[in-house]
Amino acid sequence: MSNIDAYEVVVGLEVHAQLMTESKLFCGDSIAYGAAPNTHVSPITLGHPGTLPKMNRKAIEYAIKMGLACNCEIETNNYFARKNYFYPDLPKGYQISQHTTPICKTGFVTIKVDETAKDIRLNRIHLEEDAGKSIHDADEENTCIDYNRAGTPLIEIVTEPDLRSSDEAFAFVSEIRKLVRYLGVCDGNMEEGSLRCDANISVRLKGETKLGTRVEVKNLNSIRNVKRAIEFETKRLIGILESGETIKQQTRSFEVNTGTTSSIRDKEDADDYRYFPEPDLTPFNLQDEFIEKIRQSIPALPEQRIKKYISALELSEYDARVLTEEKSVSDYFEKIITHTGNYKAAANWIIGPVKSWLNDNGKEISEFPLQPEHIVSLISLIDQGKVSFSIASTRIFPLLLVDPAKKADSIAIEHNLIQQSDVSAIGPIIDEVLNKFADKVTEYKKGKKGLLALFVGEVMKRTKGKADPKVTNELLLEKLKM
């Protein structure tokens, strides 16, 4: 495949997001994750003859909310269609979806790769019900079916073929996951299947405008696997063309352990699904007031918070983006800055010690034992010159984590950690250090100014980190002039 650089990959994504309603799209069965198999089912979920579906209003609201956040046009005249195909995990033998009237049309999502922003156009966002789950490894001879998931409300976010690399696809799915979490419409948990992605991939020679034959890789359950699948398929498809063979339109499965894909079936086209309007559900019309009310309920989204953090709080773009990566973390930061004006210090605490603890312990911010007020008290101790950041982060912070009922200043006093700012106490220690390193003092005076850090470090070591760094630096500079 020496000619690989002559080709470009063209990718369109279909992201399925389970909506965080309490019940299914067309009945009152619970959608809670983790229940025993086939316990969240009813005659409607199981498609018994004579049962009738009933619309879930909250699912419609969530779909509109996502559409508005993605700059979509909201379709006011809607109806559902039957998508006919048989799989064991679809009890009715068809899926209720939207076809000619998706609830959200067009729109775009902005991504950023290597500091370059790009708008990825959306074709549609539509509502549909999820299928059940086939379990192949629970029984040696049979496939087991769990219908708990069948009927769970989904939105499917369908892009135009605007993505040109696995990195762009990674950025897009990351942005969608961030958006659904900020909006509160989906928990974005790919491991539990509440956010899944299908990738439509084709390749063509650079400069070509016609799309190549595409393959679809189904049910990618992590953002990393979206990237891996696209990278593998790109090389595989180019290899087929370079060997003079013809690419087949297929549906393929991604093998996580090997990073490869395998064919499931030749791909159906839309005609094969024999769509027709769902006869058991009436069309529904959306009023402008209803849509506007949903628009007003949309919280500040990541880009709005990023702009606020950069312009109003004067944080760096890096800090702003890290702080807004997860809504829960950004919310925690928002609570801190209602009690302190030292925004940079608040950002440093979140990005540094707090995130390190979360990563080391595999926890979410909701499980973090300290309240925002604890971080405010640590910032206050440092701002008052009572402790250094080093002492606060390495000594007081861990003790607070062990006993969150205690106060930061109480811990500092109890463990004798209050910073020494008294010149009469620090001065003699500086004299000891300069006498011990007399040769280094001579080198400093000859121009090796970097040795100041050595002297400061030695003073800190002798005071167990309690000497006020500012006072220490000022005293050292005075004495070194003598």
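None of the figures in this text is laboratory data; all of them are computed from the coordinates on show. Note that the structure is a prediction, hence the values are computed from the model and not measured. Here Cβ is always computed from backbone atoms with ideal geometry, including for glycine, and neighbour counts include all displayed protein chains.
Projecting the Cα atoms of T76, L122, I64 onto the charge dipole of segment 56-144, computed from C-beta unit charges around the Cα centre, puts T76 farthest toward the positive end. Protection proxy ranking of 208-215, 248-255, 48-55, 146-153, by the mean of other Cβ atoms within 10 Å over each peptide's residues and highest first, is 146-153, 248-255, 208-215, 48-55. Along the axis of the charge dipole computed for the chain (Cβ charges of +1 for Lys and Arg, -1 for Asp and Glu, origin at the Cα centre), the listed residues Q384, N142, C27 are led at the positive end by Q384. Which of the lysines could a cross-linker span from K386 if the Cα-Cα distance has to be under 27 Å and same-chain partners fewer than 8 positions apart are dropped? Output for K386: K335, K344, K355, K406, K407, K461, K464, K466, K470, K479. For segment 202-254 versus segment 103-149, the spacing of their alpha-carbon centroids is 18 Å.
Distances between placed amide hydrogens fall under 5 Å for H99 paired with A81, all partners being 5 or more residues away or on another chain. Based on every Cα atom in segment 423-481, Rg and the maximum pairwise Cα distance Dmax equal 10.4, 30 Å. Peptides 297-305, 155-163 ordered by packing proxy, namely the average of other Cβ atoms within 10 Å per residue, highest first: 155-163, 297-305. Only helices enter the 222 nm calculation for the chain: every DSSP H run of n ≥ 4 contributes -39,500 (n - 2.57), and dividing by all residues gives -11000 deg cm²/dmol, rounded to 500.
Relative to the globular-protein estimate of 2.2 N^0.38 Å, the Cα radius of gyration of the chain stands at 1.28. As a rough footprinting exposure proxy, the listed residues K335, K481 were ranked by other beta carbons within 10 Å of their own, and the order from fewest upward is K481, K335. Between helix 57-69 and the chain there is an angle of about 60 degrees, using the helix long axis and the longest principal axis of the Cα atoms.
As a proxy for reagent exposure, K448, K133 were ordered by neighbouring Cβ count within 10 angstrom, fewest first; the result is K448, K133. Counting only Cα atoms, segment 4-290 measures 56, 54, 33 Å along its principal axes, largest extent leading. Listed from fewest to most Cβ neighbours within 10 Å, the set L154, L313 follows the order L313, L154. Magnitude of the charge dipole for segment 423-481, about its Cα centre and with charges confined to Cβ atoms of Lys, Arg (+1) and Asp, Glu (-1), is about 160 debye. The alpha carbon centroids of segment 261-319 and segment 380-406 are separated by 42 Å. Please identify which residues in segment 345-386 have an amide N closer than 20 Å to a label point set 7 Å out from the Cα of A312, following the Cα→Cβ vector. Within reach of a label on A312, which here means backbone N under 20 Å from a point 7 Å along Cα→Cβ, segment 345-386 contributes 345-351, 372-373, 376. Only the Cβ atoms of Lys and Arg (+1) and of Asp and Glu (-1) were treated as charged; on that basis the dipole of the chain about its Cα centre amounts to roughly 1620 debye. With the highest mean first, a sort of the peptides 57-67, 4-14, 76-86 on other beta-carbon atoms found within 10 angstrom per residue produces 57-67, 4-14, 76-86. Measuring from each cysteine beta-carbon in the chain, the ones with no other cysteine beta-carbon under 4.7 angstrom are C27, C70, C144, C186, C197. Across segment 21-66, C-alpha contacts under 8 Å between residues 6 or more apart give a mean separation that, scaled by the residue count, equals a relative contact order of 41 percent.
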